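A short write-up of the structure that comes next.
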Amino acid sequence: MGTPHEVLFPWDDQYCLGISFADVQHQQLADSINRLHQALLDGREKIVIGRALEELITYSKAHFAAEEKVLLSYGYPDFLSHHSEHECLAYAVLELYQKIMSGEVRLNTFAVTFLKDWLREEILRADTKFAPFLKGKGVP
């Protein structure tokens, strides 16, 4: 039957940038982390957890690409720094995935909390830097 549903990353207004495409994608990433956390709590097998991690990695890559495309098209002056942050974040998640799938690291609450903190860092530290710039350019 599984464990009662527990939300690790509750979505609230503090994560909203006011840039619609980014807010929707960030919320999808939070939902992915919550699904992964629930699969862990439910004791799902490694293959299910692996698929959930793959989904998170795939979606985060698509999100980073979409975000960077918009930033480039509007001439965001700190684009290279933001791209670098994306590269570091993507590498950290991919490395965690590889370690979990190889058995070097066991997926546990600590690992899922790392992912939650990874997304919080992306939104609250990195993305809040570009939000005023894009809003100033009229991006909804």
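Laboratory data are not the source of any read-out in this text; all were calculated from the coordinates shown. Model, not experiment: these values are computed from the prediction. With ideal geometry, Cβ positions are generated from the backbone for all residues, glycine too; neighbour counts draw on all protein chains shown.
Just rank Asp42, Asp12, Asp127, fewest to most, by other beta-carbon atoms within 10 angstrom.
Asp12, Asp42, Asp127
Net charge within 15 Å of Ala65 by Cβ-Cβ distance, Lys/Arg positive one each and Asp/Glu negative one each, not counting Ala65 itself?
My count for the surroundings of Ala65 gives -4.
Select from Asp13, Asp23, Asp31 the residue whose mean-square fluctuation is largest in a Gaussian network model of the chain (Cα-Cα springs shorter than 10 Å).
Asp13
Tilt of helix 20-41 relative to the longest C-alpha principal axis of the chain, in degrees (0 to 90, nearest 10)?
The angle comes out near 10 degrees.
Using θ = phi - 60° and the Karplus relation 6.51 cos²θ - 1.76 cosθ + 1.60, list the HN-Hα couplings for region 126-140 in order, rounded to whole Hz, with x at every Gly or Pro.
Values, residue by residue: 7, 6, 5, 6, 8, 4, x, 4, 5, 4, x, 8, x, 6, x Hz.
Near Glu122, within a Cβ-to-Cβ distance under 13 Å, what is the net charge of the other residues, with Lys and Arg +1 and Asp and Glu -1?
Combined, the nearby Lys, Arg, Asp and Glu give -3.
Work out the count of Lys pairs in region 19-136 where the Cα-Cα distance is under 20 Å, with the pair 8 or more places apart or on different chains.
Lysine pairs, 8 or more places apart or on different chains, close enough: 10.
How far is helix 79-102 tilted off the main Cα axis of the chain, in degrees rounded to 10, range 0 to 90?
In the chain, helix 79-102 runs at an angle near 10 degrees to the longest axis.
Lys/Arg Cβ at +1, Asp/Glu Cβ at -1, dipole of the chain taken about the Cα centre: which of Asn108, Leu124, Ala62 is farthest positive-ward?
About the Cα centre, the residue reaching furthest to the positive side is Ala62.
What do you get for the angle between helix 46-73 and the principal long axis of the chain? Use alpha-carbon atoms, 0 to 90 degrees, nearest ten.
The two axes meet at around 0 degrees.
Can you list the GluC sites (Glu not before Pro) in region 1-89 that are in a DSSP coil and have 11 or fewer other beta carbons within 10 angstrom?
Loop-located and lightly packed - Glu6, Glu45.
Please arrange Tyr76, Tyr91 by how many other C-beta atoms lie within 10 Å of their C-beta, fewest to most.
Tyr91, Tyr76
Give me Phe130, Phe64 sorted ascending by neighbouring Cβ count inside 10 Å, so fewest comes first.
Phe64, Phe130
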